[in-house]
Amino acid sequence: MSIYAQLQQTMDDMIDADRGILAADESTSTITKRLSAIGVESTAENRRWYRSMLLSTPDLGRYLCGVIFYEETLNQKDENGMLLPELASSQGIIPGIKVDKGKGDLPGAPGDMITYGLDGLAERLKGYRDQGARFAKWREVYPITPHNPTLLGLTANAETLARYAAVCQSCGIVPIVEPEVLIDGDHSIERSAEVNEQVWHSVFHALHQHGVRLEHMILKPSMVTAGKEADTLSPEEVADATIRILRRTVPAAVPSINFLSGGQTPEEATANLNALNRHPATTPWHLSMSYGRALQEPAMKAWSGDSDKREEAQAALLKRARLNSLARRGEYSPELEKEA
Ligand code: 13P
């Protein structure tokens, strides 16, 4: 199959009106924090057990089209000896891989950050592809302060995302482009709108310069919302601001926008996705999710390290996946949270 045909096939297999993506790609240090919060030691075996439990949830493929793995998971197997990427595929869930190597300070731009991992990326991608990954994820992080992101921060992060996306496409891997504007702080929704507009504009400018084919990528942005320490906004206010800025900056050629949850509660993330899909403005993209915490938190709590709680944990994951699938059609209501 040509590279073009591979990319198109992955897009066709991943994009429909109902499903979204599970981000289960926490780095070892991030998952260690999440596990320690529920009193579980972060051993390779506990991480394997937990992620294989998630992926073997019956019917999960009705609501999820893709799962993002961390490198370690590609080689891990379930209780029956099936590799986890194969387990995902057996449910109709396409396996993907986080390929960035984390972030650090961006010299020359105090307060801004930059993500590592471009060197040797093409070789790594070929290895991941042989292990079953068909798409990749790369995250750049933008804090909001009175001075950030700086012009240098915007340019350098956009350039890095575009270089990553171009390498992915040259290897037949669909890139998820994730510019995460952090919700930390007490900034207003207006300030968040201003920053997201700058970020998305600079990212699409860089993608254009690097010849990235927009039809063969997925955008994974933050929603436009006020900072975590500011007053909570209604889903309609979040949807209004998000759609206004997306329409200004994201070309119609991008097939799907899969939001991150970024610290929203599971219920908030679902209600906001629902409002985005009910918004009266015409939008050319699928509006979906690629949630980590907002899909996993209830399942992780239900499990809390007790393997006898496997079914409760799977039921908690399936519930969130199903409610988010309803939100994709604008058919979610908070009343549904009361159902099992
Ligand atoms: P959250 O939904 O928990 O923000 O995770 C999404 C993700 O993949 C962050 O890179």
- Message: Go through region 61-83 and report how many residues are out of contact with any Gly (no Cβ under 9 Å at 6 or more places or on another chain) and either in a helix (DSSP H, G or I) or of a type in the set (Ser, Thr, Tyr) (or both).
- Response: 4
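Go through region 216-236 residue by residue and tally those that are more than 30 Å from residue 3 (Cβ to Cβ) and not in a loop (DSSP other than H, G, I, E, B).
So the count comes out to 2.
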- Message: Step by step: first the residues of region 7-53, then only those that are within 18 Å of residue 214 (Cα to Cα) and in contact with a strand residue (DSSP E or B) (Cβ under 9 Å, 6 or more places away or on another chain), then the one that is surrounded by the most Cβ atoms within 10 Å (Cβ to Cβ). Which residue is that?
- Response: 14
- The condition of being within 15 Å of the ligand (Cβ to nearest atom) and either surrounded by 18 or more Cβ atoms within 10 Å (Cβ to Cβ) or assigned to a helix (DSSP H, G or I) (or both) holds, among 177, 167, only for 177
- Message: For region 258-313, which positions are more than 16 Å from the ligand (Cβ to nearest atom), of a type in the set (Lys, Arg) and in contact (Cβ under 8 Å) with a residue 24 or more places away in the chain?
- Response: 278, 310
- Scan region 90-105 residue by residue and report those that are within 15 Å of the ligand (Cβ to nearest atom) and either part of a loop (DSSP other than H, G, I, E, B) or of a type in the set (D, E, K, R) (or both). 98, 99, 100, 101, 102, 103
- Kindly indicate whether any position in region 125-137 is closer than 24 Å to residue 196 by Cα, under 19 Å from the mean Cα position of the chain (by Cα) and outside any loop (DSSP other than H, G, I, E, B). yes
- Message: Take residue 238 and tell me if it is surrounded by fewer than 23 Cβ atoms within 10 Å (Cβ to Cβ), more than 23 Å from residue 54 (Cβ to Cβ) and either within 15 Å of the ligand (Cβ to nearest atom) or not acidic (Asp, Glu) (or both).
- Response: no
- Message: Checking the condition over 22 Å from residue 325 (Cα atoms) and loosely packed, with under 14 Cβ neighbours inside 10 Å, which residue from 110, 58 passes?
- Response: 110
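For region 78-104, which residues satisfy the criterion of being closer than 18 Å to residue 27 by Cα and free of Cβ contacts under 8 Å to residues at least 60 places away in the same chain?
Matches in region 78-104: 84, 85, 95, 101, 103, 104.
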- Query: Would you call residue 108 free of Cβ contacts under 8 Å to residues at least 60 places away in the same chain, on the phi > 0 side of the Ramachandran plot, in contact with a Leu (Cβ under 7 Å, 6 or more places away or on another chain) and not in a strand (DSSP E or B)?
  - Reply: yes
- Query: Under the condition of being within 12 Å of the chain's Cα centre (by Cα) and not aromatic (Phe, Trp, Tyr), which residue from region 262-299 is surrounded by the fewest Cβ atoms within 10 Å (Cβ to Cβ)?
  - Reply: 293
- Is there a residue being closer than 29 Å to residue 207 by Cα and modelled with pLDDT under 95 anywhere in region 270-293? yes
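The values are calculated or read from the model by the stated rules, or taken from the named source; none is laboratory data. Remember, predicted model here, so these are calculated numbers, not experimental data. Note: ideal-geometry Cβ built from the backbone for every residue, glycine included; neighbour counts use all protein chains shown.
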